[in-house]
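Enquirer: Sharing a structure below in structure tokens format, with a few things to ask.
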Amino acid sequence: MKKNFMKMMAVGAVAMGGSMGAMAQDVNLPAPDMKMQSMGVVEALATRHSVRNFSNKALSQQELSNLCWAALGKARDDEHRTAPTAMNRKEIRLFVFSAEKVWEYNARENSLRFVVDGDHRNLVAGGKAFSQDFVMDAPVSLVMVIDFDLFGSQNEQALMMGCVDAGNVSENINLYCQAVGLATVPRATMDVEGLKALLKLSDKQLPIMNNPVGWEKK
């Protein structure tokens with residue numbers, strides 16, 4: 001019973017910036033809230049805008065679950081996602097960067113697979129060469145990676161379609177954030193080589209886009 005209690009406490013601290021977050025490794029997220037209040041899709045399209053001014057307010061684990069699901073979650077069945085991909089190859093992988101850890105999102109299980117400890121949002125910001133420091137203020141950043149092994153090819157067509165599919169995921173994030181009052185901005189700037197080394201990616205896996213997400217600083 002004590003073990004289960006500690007596990008629940010650890011999971012509850014995900015993305016909240018507290019010391020308990022350091023205890024969590026793999027995380028089972030709560031089910032996405034399909035009945036959440038939000039603006040309609042037409043209003044979200046009409047009012048969507050990029051935000052580069054984030055507060056340090058953390059996301060709850062429910063908010064993080066909803067966000068990841070909206071980006072690339074399981075849709076009507078195990079074989080389909082909320083974002084379309086060419087030939088349904090599902091070659092886009094989604095990594096979640098927080099101030100304490102990096103995870104990879106598992107759409108089928110709606111869970112986070114632990115990747116590495118530590119705050120590595122500086123790599124998402126752009127690294128030493130060209131850093132956009134506002135990224136460090138957002139509590140999480142979602143990084144999209146094209147996995148050419150999953151696509152089945154690494155030719156020019158595969159790259160083009162991978163970029164399109166990553167854009168689909170990013171647009172899901174943009175519209176979802178606008179609909180529920182979160183702030184985000186789609187970005188291509190990041191330390192690609194640094195991210196590949198951190199995430200232990202092969203030459204067939206390419207970080208291509210990212211969206212820092214949080215609350216707008218007023």
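Enquirer: In segment 206-218, is there at least one residue being of a type in the set (A, V, I, L, M, F, W, C) and assigned to a helix (DSSP H, G or I)?
Expert: no
Every residue, every condition in (1) touching an Asp or Glu at 6+ places or on another chain (Cβ under 8 Å); (2) within 20 Å of LEU67 (Cα to Cα), yes or no:
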residue: GLY126; (1), (2): yes, no
residue: ALA129; (1), (2): yes, no
residue: GLN132; (1), (2): no, no
residue: ALA138; (1), (2): no, yes
residue: LEU142; (1), (2): no, yes
residue: VAL145; (1), (2): no, yes
residue: GLN154; (1), (2): no, no
residue: LEU159; (1), (2): no, no
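Enquirer: Still on this structure: Restrict the check to segment 148-160 and report whether at least one residue is in contact (Cβ under 8 Å) with a residue 12 or more places away in the chain, at positive phi and surrounded by fewer than 19 Cβ atoms within 10 Å (Cβ to Cβ).
Expert: Within segment 148-160, one or more residues are in contact (Cβ under 8 Å) with a residue 12 or more places away in the chain, at positive phi and surrounded by fewer than 19 Cβ atoms within 10 Å (Cβ to Cβ).
Enquirer: Six or more apart or on different chains, Cβ under 8 Å: which pairs go from a residue in segment 114-128 that's on the phi > 0 side of the Ramachandran plot to one that's buried (at least 17 other Cβ atoms within 10 Å of the Cβ) and not charged (D, E, K, R)? Could you list them?
Expert: Final answer for the pair search is GLY118/VAL102; GLY126/VAL135; GLY126/MET190; GLY127/MET190; GLY127/GLY194.
Enquirer: Sticking with this one: In segment 102-126, what count of residues is obtained for those that are assigned to a helix (DSSP H, G or I) and either at pLDDT below 95 or among the hydroxyl-bearing types (Ser, Thr, Tyr) (or both)?
Expert: Of the residues in that region, 0 qualify.
Enquirer: Residues that are under 14 Å from ALA138 (Cα atoms) and either within 18 Å of the chain's Cα centre (by Cα) or exposed (fewer than 14 other Cβ atoms within 10 Å of the Cβ) (or both): does segment 37-51 have at least one?
Expert: Checked against the condition, which is being under 14 Å from ALA138 (Cα atoms) and either within 18 Å of the chain's Cα centre (by Cα) or exposed (fewer than 14 other Cβ atoms within 10 Å of the Cβ) (or both), segment 37-51 yields at least one hit.
Enquirer: From PHE95, PHE130, which residue is over 13 Å from the mean Cα position of the chain (by Cα) and aromatic (Phe, Trp, Tyr)?
Expert: Sole residue among the options that is over 13 Å from the mean Cα position of the chain (by Cα) and aromatic (Phe, Trp, Tyr): PHE130.
Enquirer: Kindly evaluate PHE151 against the criterion of being in contact with a Gly (Cβ under 8 Å, 6 or more places away or on another chain) and at pLDDT 95 or above.
Expert: Against the criterion (in contact with a Gly (Cβ under 8 Å, 6 or more places away or on another chain) and at pLDDT 95 or above), PHE151 qualifies.
Enquirer: Now for a separate question. If I filter segment 109-147 down to residues being acidic (Asp, Glu) and buried (at least 16 other Cβ atoms within 10 Å of the Cβ), which single residue comes out as farthest from ASN53 (Cα to Cα)?
Expert: Only one residue fits best here, namely ASP147.
Enquirer: Would you please name the residue that is farthest from LEU123 (Cα to Cα), looking only at residues in segment 193-205 that are over 15 Å from the mean Cα position of the chain (by Cα) and crowded, with 17+ Cβ neighbours inside 10 Å?
Expert: This residue is GLN205.
Enquirer: Here is a check on your reading of the model: is LYS196 under 17 Å from ILE92 (Cβ atoms) and out of contact with any strand residue (DSSP E or B) (no Cβ under 6 Å at 6 or more places or on another chain)?
Expert: Judged against the criteria, LYS196 is a match.
Enquirer: When you scan segment 161-191, how many residues do you find that are surrounded by fewer than 22 Cβ atoms within 10 Å (Cβ to Cβ), of a type in the set (Gly, Ala, Ser), in contact with a Ser or Thr (Cβ under 9 Å, 6 or more places away or on another chain) and assigned to a helix (DSSP H, G or I)?
Expert: 1
The values are calculated or read from the model by the stated rules, or taken from the named source; none is laboratory data. In this text the structure is predicted, and so the values were computed from the model without any measurement. No Cβ is skipped: glycine too gets one built from the backbone with ideal geometry, and neighbour counts run over all protein chains shown.
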